[in-house]
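Report on the following structure.
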Amino acid sequence: MLQSVPPRITFLSILKDNWIFTLFFCLWLIAGGLLLALSEHGEWVLYFNANRTPFWNLFFKYGTQFAEEYIFISLILLLALFVRFRMAIAFTFMALATLVVSATAKQIFRHPRPLRYFTELGTNDELTFIEGVRVNVGLSSFPSGHTLAAFAIYGFLAFNAGHKKISGVAFFAMALMVGISRIYLVQHFLEDIYLGSVLGVLLAAYFFLLQQKIGEKPWLDRNLLNLRKSG
């Protein structure tokens, strides 16, 4: 399913080769931008609060976990074991970069989380919460770290995957699902996931490009199973 990394890759070639993922991402940027321009701050948090169902509560409660730290760790191990060391190394550095970028941006902007924002407005009684979900209340809303991580993870996998039409749609849907879950769970605002998605795709593209610059050692294009067989 996963393709070999071409000898010369540019940012434009990534967009061209992954046109399905790029198309959906551009549509999201347009739609998200329009929603931001036409809606008030916090409106979509309140919208999802007013339209909860047991199914979506469960879906987003667990769906949001597809950008947690253990997903990074699991994928690093799987890439090293079954795919290529080159990808595993690039993915590892991308994981570290997402942590640094997210933490740095949050410290720079220090925007209040939705619960804190609505509490300061005196309208937090309008909010409802999902059992078992711990809602953050700090000054760490902008951007959404989960969304940043999701678009980095699934963007990177989409860029490396074959069957571009299927994988492009599937991986984009996974990333956007995580972003929407952050609003649904009263963890972030729409603008938080919007910026998170942009930063995530930029990181995915950068570290996809970085793969070809890691080196030309033969072992980089092998995996742990190959090494064991050859040994």
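Worth a mention:
- Helix screen, the chain: DSSP H segments with Cα axial length of 24 Å or more and mean Kyte-Doolittle hydropathy at least 1.0 are 19-38, 85-109, 164-184, 190-210.
- The stretch 66-109 and the stretch 41-61 have Cα centres lying 28 Å from one another.
- Annotation: Cα Rg of the chain relative to the compact-globule expectation 2.2 N^0.38 Å equals 1.09.
- Plainly put, the stretch 106-231 has a radius of gyration that is 1.15 times its Kirkwood radius, both from alpha-carbon atoms, as the Rg/Rh ratio.
- Scattering curve values for the stretch 67-108, log₁₀ I(q)/I(0), Debye with Cα scatterers, q = 0.13, 0.18, 0.21, 0.28 Å⁻¹: -0.30, -0.52, -0.64, -0.90
- Among the protein heavy atoms of the chain, carbon and sulfur supply 68% of the accessible surface, probe 1.4 Å, non-protein parts ignored.
- D (Stokes-Einstein, µm²/s), Kirkwood Cα radius, the stretch 8-85, 0.890 mPa s at 25 °C: 149
- Averaged over its residues, the chain has an accessible area of 53 Å² per residue, based on protein heavy atoms and a 1.4 Å probe.
The values are calculated or read from the model by the stated rules, or taken from the named source; none is laboratory data. Predicted model only: the values in this text are computed from it and were never measured. Accessible surface is based on the protein model in full, side chains and every heavy atom, while ligands, DNA and RNA are left aside. Shrake-Rupley method; radii C 1.70, N 1.55, O 1.52, S 1.80 Å.
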